[in-house]
Amino acid sequence: MTLGFSVAELAPVGSAPGGLKMGLRRLSEADWLQRDFDRAARASVFDAHPDAVRVLPEAESAVRELAAMLGVPGGLAEAARATWEDLCLLLPGPDGAYRLVAGAVGFPTDWRLHEKMGLPLAEVHAPIHGYAEKLSSGVDHFFATLRPGPIFGRANWFVVPTADWRYLPEGDPAERFAQVTPDNAGRTLFVRCERQTLRRLPDSGAVLFTIGIHVARLDALPDSVVQGVAHAVIAVPAGERERRAAPYYADALAAYACGLADRTARSAA
């Protein structure tokens, strides 16, 4: 089963913010990581943000194993430049809870690596409303039982006001989305997808979590994808809806999607 490497492919199968489902798919080795990508963009982001790579002492052997798996001489910084995907390694602590022990995150989506280092999964995901109640136990079970060999993938997506690879919004969300209207939503809103994969490294036992970012402007996507995103945004539950700033663009997005549907209906008449 494939997952795709574009927003048009990922958004229809992805979980919207607040969807709270793992939605895992078994992937082949050939479908694991993106083969062709903008290497200059990866190099430039790590040149500009050397703090985007962090490794705790207990992760050193897992980092060496990962670099060898990717055929990259060096450590995590070199491995991250050789892949489009950001790379995170997790190991169980004394209590059995998996903790983030290494990360190379050049293209974050509203989170900062230094704030998450050393934390268990539940605390890493704490800002996501409903995670502890609806998803935490399932994620913990998956990590505990994942065997070396199989690769699993999933996707989620976000609506954002920029195509920047790094998305670390600050300030008033009302200002961030102030320019968005039903007439220009196609040009001012973007769908940002995270293509995520999980696999266990056989020697160190670490779980490798990769995050590949794909961004597309709304008007570059098929009408069916736009309409699906608009409907899903409406269903995002309270709490997560506010965290993702949906109240500041949802109405404009819905009106834009309705306009696409009306246009399709007129064309078919």
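Read the figures in this text as sums done on the coordinates, not as results from a lab. This structure is a prediction, so every number in the text was calculated from the model and none was measured. Neighbour counts are summed over all protein chains in view; Cβ atoms, including those assigned to glycine, are modelled from backbone coordinates with ideal geometry.
The angle between the Cα long axis of helix 60-70 and the longest principal axis of the Cα atoms of the chain comes to about 60 degrees, rounded to the nearest 10.
Dipole size of the chain about its Cα centre, with +1 on Lys/Arg Cβ and -1 on Asp/Glu Cβ: approximately 520 debye, rounded to the nearest 20.
So for segment 7-268, averaging the separation of alpha carbon pairs under 8 Å that are six or more residues apart and normalising by length, what relative contact order in percent results? Walk me through the intermediate numbers first.
Values: 453 pairs, mean separation 63.5, N = 262.
Dividing the mean separation by the residue count of segment 7-268 yields 24 percent.
Across the options T197, A155, L168, the greatest Cα extent toward the positive end of the charge dipole of segment 80-226 (unit charges at beta carbon of Lys, Arg, Asp, Glu) belongs to T197. The phi torsions of segment 201-211, fed into the Karplus equation with coefficients 6.51, -1.76 and 1.60 and a -60° offset, translate into couplings of 6, x, 8, 7, x, 5, 9, 9, 10, 10, 9 Hz, rounded to whole numbers, with Gly and Pro shown as x. Could you state the angle between the C-alpha long axis of helix 136-145 and the longest principal axis of the C-alpha atoms of the chain, as a value from 0 to 90 degrees rounded to the nearest 10? Between the helix axis and the principal axis of the chain, the angle is about 40 degrees.
For segment 1-89, run through the trypsin sites (Lys or Arg not before Pro) and keep only the ones in DSSP coil with at most 16 other Cβ atoms within 10 Å of their Cβ.
Details: sites: K21, R25, R26, R35, R39, R42, R54, R64, R81; in loops: K21, R35.
Filter output for segment 1-89: K21, R35.
Among H114, H49, the order by Cβ neighbours within 10 angstrom, fewest to most, reads H114, H49.
Helix 223-235 and the longest principal axis of the Cα set of the chain meet at an angle near 80°.
What's the magnitude of the charge dipole for segment 196-253 around its Cα centre, counting Lys and Arg as +1 and Asp and Glu as -1 at the beta-carbon? Answer in Debye, nearest 20. Walk me through the numbers before you get to the answer.
Values: 6 positive and 6 negative charges, 46 e Å.
That gives a dipole near 220 debye.
Taking all Cα pairs closer than 8 Å and separated by 6 or more residues, the relative contact order of segment 89-215 comes to 27 percent.
When the Kirkwood hydrodynamic radius is evaluated over all pairs of different C-alpha atoms of segment 7-268, what value in angstrom, to one decimal, is obtained?
Working: mean 1/r = 0.0516 Å⁻¹.
Radius from the Kirkwood sum: 19.4 Å.
Over the chain, dividing the summed -39,500 (n - 2.57) contributions of all DSSP H runs of at least 4 residues by the number of residues returns a 222 nm mean residue ellipticity of -9500 deg cm²/dmol.
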